[in-house]
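Nothing in this text is a laboratory measurement; each read-out follows from the coordinates by a stated rule. The structure displayed is predicted, hence computed values, not measured ones. Here Cβ is always computed from backbone atoms with ideal geometry, including for glycine, and neighbour counts include all displayed protein chains.
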Amino acid sequence: MKQKNIHSPAFKRITVTDPLFSHYTSIVAEKLIPYQWNVLNDCEPDTEKSFCVANFRIAAGEMEGSHRGMVFSDTDLYKWIETLAYCLERGEALEYKAHAEEMIELISRAQESDGYVNTYFSVNCPDRKWTNFTEGHELYSAGHLIEAAVAYFHATGNRHLLEVACRFADLIYIKFTSGGEFENACPGHQEIELALMKLSDCTGEKKYADLARHFLAVRGNSSRFLEKNLRDQGRNRIFPEFADYDARYAQSHLPPAEQTTAEGHAVRAMYMFSAMADVARTYGDDALVESCVRLWNNLTQKRMYITGGIGSSGYLERFTVDYDLPNDRMYCESCASVGLMMFGQRMAALTGDATYYDAVELALCNTVLAGIAAEGDKYFYVNPLEVWPDNCLTGTSMAHVKPVRQPWFACACCPANIARTLASLGQYIYAQDEKSVYINQYISSELCSDVRGAEISIKLHSDLLTDGKIQILIGSDKSQPFTLRIRIPSYLKNPAFLFNGKAITPVIENGYAVIAISREGEQVLEMQGSVAPNWMAANAKVRADAGKIALMYGPYVYCFEEADNGSGLPLLYASGSSCAVPDAPAEGLPGSMPTLVVQGKRLDSGVGDALYGSPSFRLSDVELKAVPYALWCNRTPGEMIVWLNAVVP
Ligand SMILES: [Zn+2]
């Protein structure tokens, strides 16, 4: 496969203007950064303690005590720095720059003389460094350090954290590559692989990419490294649930290039698949490209929720089998959908194919946005498609499902992952290569960039949901030709194009309409299609959705909440041929997304107050109201359901 050079433009040159998304991108700088800063420093009242900054102070020898919190809690600070870097790059949250630099100094003081950084092992058990690859998360934490360092360097030019990260990466290179102490070891939680690819891009050092490739190459060989390593831990085991550990859990059951199905822990899988796509592109590795395509197809055609959520099993947060998509007890971790966005973005960069962005869009517009409260200070870790708050009980198999967003988590991966995704949202909207600018998401925004020596500007105004229309103002300071590639989303029907007021029929290539731009000054491209609310059914093999329908409007899945429809939502029915009529946005929700009104039915079984009785079914007419799933649980909490019973003709 010919190597493509599709990459993201600089974040500082992208401004999100969309009413819904700009609400979320602005709260990252205004609320998330300050809120998460307080949490990391354990000074946010009524919130689970993080111990994160304290752990670094102890590791640096500046405070007494032992490490507290999860073994990978260092990553909460790294992700905060990464998120802040994206804000700083756009000129936001500048008042937190001094805090970040104070933290970078602290991290460098916590770094050991050989380059090692990990507060859990440095403080609590220095004799067990590099012994527990399956549970210890040292390489995972190093990955987030590297990602933060690259982002901070790009945003500010400050090299200090990058130097810390490179020293650690150099140590890992010596220990883990051929001839090193741990040449057969692979990470128990992938992440460092994709981070090393970023570090290689940022520094120009090929050895970091080689190390990423090495980590993929040693994974899943016949030595069953991770399972053996876990058995060797004896009394030093960290996670009790790993009693049921198997090679599939961390995708080490087969070499990555031979894997055909998305298996195991969903976040680990997404981070590894993302790295595979990066490595495949950099090294022109066709076997890896083929496995990425197979894995993507299995993931999105057989194992993904309509909301872009992934991970069907609450237990061990993992994939199960094709078409097993239960709606109330699944996992659908926010981080896993962030990972799906990362994988899809890389597949599009690898292949130049726009259709990968369909699933990226589903994940973003549904599960990732649902993961954060409209106010920005509460989060879902698990994203159900059906909630009955009464049975979300601790000590049961539903304990992982929370009916309301939580202020923080002992394992706090999701809030920080959502934050860094929203702070860098522009990377999912635009991409470019030597001669093209790609528009991948219809989120109103502005871009300035250089293409072939010309300074160009794009102003994207999207009214896709209200009237199926997109307007793009294109400016260029030279008559240098370039192409604009605009993704045709799968839900946009019959798109027609006007270029400077004249109808055109552009070539459609890999899911993009290709428009040649060849003159300076401002030009106008309009795309007009139809987008209407749409009922969806699932494949007959999805048992959980048998006889059910879900409502979508463009990429947005809609849901029915108790606040609008009363309790007992599983008793509601609608016909797949009924009209869903857009109505005024629900009060108190951000953006201006319409509600959808449906004439439906409510079932009465005739059993009354008895637990069981003879059926005497009766359907009565009711008006149902649906709101975007992304915005659920931002009003009075209660029941929620995505899949309604279908009135079958
Ligand atoms: Zn998470």
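Here are some notes:
- Calculated FRET value between ASP114 and GLU64, using beta carbons and R₀ = 22 Å, to 0.05: 0.35
- In range of the label at SER457: residues from region 486-512 whose backbone nitrogen is under 14 Å from the point 7 Å along Cα→Cβ: none
- Within a straight-line Cα-Cα reach of under 14 Å, LYS402 can be paired with the following aspartates and glutamates, leaving aside sequence neighbours fewer than 8 residues apart in one chain: ASP328, GLU333, GLU386, ASP390, GLU639.
- Cα gyration tensor category, rounded, prolate or oblate, for region 222-269 with a/c compared to 1.5: oblate
- Subtracting the Cα-Cα distance of ALA287 and LEU393 from 0.36 nm times their residue separation leaves 33.6 nm of extension gain.
- Helices in the chain, meaning DSSP H runs of at least 4 residues, each add -39500 (n - 2.57). Divided by all residues, the mean residue ellipticity at 222 nm is -10000 deg cm²/dmol.
- One decimal place: the segment LYS435-ASP46 gains 134.8 nm when fully extended, by the rule 0.36 nm per residue minus the C-alpha distance.
- Cα Rg over Rh - region 434-530, Kirkwood: 0.94
- Sum of side-chain charges, SER530 neighbourhood, beta-carbon under 15 Å (Lys, Arg +1; Asp, Glu -1): -1
- For region 107-140 and region 455-475, distance of Cα centres in Å: 48
- Residues whose amide H falls under 5 Å from that of LEU325, counting only those 5 or more places apart or on a different chain, are ARG543, ALA544, with hydrogens built in the peptide plane.
- Amide H contacts of ILE372 (H built 1.01 Å from N, in plane; Pro and chain starts excluded): PHE380 sit under 5 Å, all sequence-distant by 5 or more or on other chains.
- Note on THR466 and LYS31: with the Förster distance fixed at 41 Å, the Cβ-Cβ geometry gives a FRET efficiency of about 0.90.
- Proximal aspartates and glutamates to LYS502, defined as alpha-carbon separation beneath 12 angstrom and excluding residues fewer than eight positions away on the same chain: GLU526
- Net charge, ARG303 excluded, C-beta distance under 12 Å - Lys, Arg +1, Asp, Glu -1: 0
- Electrostatic bookkeeping for CYS166 treats Lys and Arg as +1 and Asp and Glu as -1; over the other residues with beta carbon under 14 Å from its beta carbon, the sum is -1.
- Whole-angstrom gap from region 523-573 to region 293-318, using each part's C-alpha centre: 19
- Order by protection proxy (mean Cβ within 10 Å, highest first), peptides 521-534, 609-622: 521-534, 609-622
- Pairwise FRET efficiency - LYS502 versus ALA537, Cβ, R0 = 51 Å, nearest 0.05: 0.80
- Each residue of region 518-527 was assigned a 3J(HN,Hα) from its phi angle through the Karplus expression (A = 6.51, B = -1.76, C = 1.60, θ = phi - 60°), giving 9, 10, 7, x, 9, 10, 10, 10, 10, 10 Hz with x at Gly and Pro.
- DSSP beta bridge pairing in the chain, given as percent antiparallel to the nearest 5: 95
- Segment ARG159-SER577, length gained on full extension (0.36 nm per residue, minus Cα span): 144.6 nm
- Based on the Kirkwood approach, the hydrodynamic radius assigned to region 217-360 is 15.6 Å, with every pair of different Cα atoms included.
- Pairwise centroid distance, computed over Cα atoms, of region 380-454 with region 212-239, Å: 30
- The antiparallel fraction among DSSP beta bridges confined to region 396-525 stands at about 90%.
- Contact order, relative form, for the chain: 13 percent (alpha carbon pairs under 8 Å, 6 or more residues apart, mean separation divided by residue count).
- The listed peptides 505-516, 321-332, 161-172, ordered by packing as a protection proxy, come out as 161-172, 321-332, 505-516 (highest mean of other Cβ atoms within 10 Å first).
- Proportion of all alpha-carbon pairs of the chain beyond 35 Å (%): 41
- With the simple model of a label 7 Å out from the Cα in the direction of the Cβ, GLU509 to VAL648 spans 4.7 nm.
- Residue-by-residue Karplus 3J(HN,Hα) for region 19-36, coefficients 6.51, -1.76, 1.60, Hz, glycine and proline x: x, 6, 6, 5, 4, 6, 5, 6, 6, 4, 6, 7, 10, 5, 4, x, 4, 5
- Taking a straight line from the alpha carbon of LYS478, these aspartates and glutamates sit under 12 Å away, with near neighbours fewer than eight places off in the same chain left out: ASP450, GLU455, GLU520, GLU522.
- Rounded, prolate or oblate (a/c below 1.5 giving rounded, otherwise prolate when a/b exceeds b/c) for region 50-239 by Cα gyration tensor: oblate
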